[in-house]
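Quick notes on the structure that follows.
Please treat every number below as a calculation from the coordinates, not as lab data. These numbers come from a predicted model, not from an experiment. Neighbour counts are summed over all protein chains in view; Cβ atoms, including those assigned to glycine, are modelled from backbone coordinates with ideal geometry.
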Amino acid sequence: MPTVYVTAPPEEAQTIAETLVEERLAACVNRLSTTSTYRWDGEIHHDDEAVLLAKTTDDSYDDLVSRVREIHPYDVPCIERFDEAHVLESFADWRAESVD
Amino acid sequence: MPTVYVTAPPEEAQTIAETLVEERLAACVNRLSTTSTYRWDGEIHHDDEAVLLAKTTDDSYDDLVSRVREIHPYDVPCIERFDEAHVLESFADWRAESVD
Amino acid sequence: MPTVYVTAPPEEAQTIAETLVEERLAACVNRLSTTSTYRWDGEIHHDDEAVLLAKTTDDSYDDLVSRVREIHPYDVPCIERFDEAHVLESFADWRAESVD
């Protein structure tokens with residue numbers, strides 16, 4: 001099953017997490033504080049952001065990505081998929097039931 | 001080698017991390033603060049939790065999962081396995097020696 | 001594409017993140033606060049550390065690992081590679097352009 005890794009500004013991160021759960025695109029979302037270091041226009045930046053780890057299913061992955069792109073404030077957001085090698089069966093069942 | 005992703009209430013998370021290391025089921029555990037968003041009984045909840053990232057071995061993975069299930073306060077805990085594509089050799093050796 | 005998972009003391013973590021981005025070994029690095037639980041000399045330790053998640057490319061992975069080993073204060077640092085199953089195409093392009 002896929003965990004989707006998304007970074008977003010702290011203010012928007014909770015809205016994105018809520019939207020994904022409310023619209024049944026993710027069963028749950030873990031939100032963690034981060035500092036992101038990157039280069040933009042030749043300068044090094046350090047921004048406070050949040051990492052979102054959205055727990056979804058194979059079938060809902062494409063819809064989740066489309067929805068994040070619609071509501072995310074960045075033109076080029078970090079959206080990455082990591083596949084779990086195993087998930088506790090009862091938790092996998094709950095995930096599948098929680099997502100459309 | 002597997003990294004095991006577990007979420008738990010903040011109070012119990014340190015106990016779980018300590019138990020896994022003391023009982024040589026994990027070489028080390030990284031614990032991070034998170035806010036979890038999920039739906040339960042039709043309502044959206046936001047709970048403060050911890051993410052545990054337990055570094056173990058192929059051979060100890062099943063025992064680690066069984067132990068987490070015994071001591072975890074939830075009936076349906078989030079327990080997920082992510083396999084590393086590569087690990088620095090000296091760190092992999094230390095992990096293997098630290099786990100039974 | 002690889003995400004490289006590195007743990008480091010909080011003071012050194014920002015320097016490592018900056019070095020990797022400045023030297024174009026990573027497009028961006030997310031830094032998160034963590035408490036690490038591990039055994040050393042028979043004793044259980046709990047240390048404040050940072051988790052670095054460095055976004056790089058297949059071609060730059062080996063150089064990134066070599067550079068982290070040079071500047072990391074530990075003899076046996078935690079350096080692990082997790083491969084993404086999918087990355088948003090525009091973000092993947094930006095990563096590839098940002099890394100040499």
**Item:** Exercise: per-residue mean of other protein chain Cβ atoms within 10 Å, A:72-79
**Value:** 4
**Request:** Fewest Cβ neighbours within 10 Å first, please rank A:Val99, B:Val76 accordingly.
**Result:** B:Val76, A:Val99
**Request:** Can you check what the net charge comes to around B:Phe91, using other residues whose Cβ is under 15 Å from the Cβ of B:Phe91 (Lys, Arg +1; Asp, Glu -1)?
**Result:** -2
**Request:** Rank the residues A:Ser33, B:Ser90 as a footprinting-exposure proxy: fewest other Cβ atoms within 10 Å of their Cβ go first.
**Result:** B:Ser90, A:Ser33
**Message:** Per DSSP helix of 4 or more residues, -39500 (n - 2.57); summed, then divided by the residues of chain A. What does that give at 222 nm, rounded to the nearest 500?
**Reply:** -10500 deg cm²/dmol
**Request:** Give the order of C:Arg24, B:Arg95 when sorted by the count of other beta carbons within 10 angstrom, beginning with the fewest.
**Result:** C:Arg24, B:Arg95
**Request:** Let me have the relative contact order for segment A:2-98, percent, based on Cα pairs under 8 Å that are six or more residues apart.
**Result:** 41
**Asked** Under unit Cβ charges (Lys, Arg +1; Asp, Glu -1), what dipole magnitude, rounded to 20 debye, does the protein assembly as shown have relative to its Cα centre?
**Response** 100
**Gained length - A:Asp62 relative to A:Asp48, 0.36 nm times residue gap less alpha-carbon distance** = 2.3 nm
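Counting Lys +1, Arg +1, Asp -1, Glu -1, what net charge surrounds B:Ile44 among other residues with beta carbon under 14 Å of its beta carbon?
Working: positive: A:Arg24, A:Arg31, B:Arg39; negative: A:Glu18, A:Glu22, A:Glu23, B:Asp41, B:Glu43, B:Asp47.
Here the count lands on -3.
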**Request:** Take the alpha-carbon centre of segment A:1-74, take the same for segment B:1-52, and report the distance between them in whole Å.
**Result:** 20
**Prompt:** A:Ile79's amide H: which non-local residues (gap 5+, or another chain) put their own amide H closer than 5 Å, with H modeled 1.01 Å from N in plane and none for Pro or chain starts?
**Reply:** C:Leu88
**Complete:** Answer in debye to the nearest 20: the dipole magnitude of chain C about its Cα centre, from +1 Lys/Arg and -1 Asp/Glu charges placed on Cβ, is 180
**Asked** Roughly how crowded by other chains is peptide A:24-31, in terms of the mean Cβ count from those chains within 10 Å of each of its Cβ atoms?
**Response** 5
**Item:** segment A:48-100 - charge dipole about Cα centre, Lys and Arg +1 at Cβ, Asp and Glu -1, debye rounded to 20
**Value:** 100
**Complete:** With DSSP loop assignment and no more than 15 other C-beta atoms within 10 Å, the chymotrypsin sites (Phe, Trp or Tyr not before Pro) in segment C:37-100 are C:Tyr74
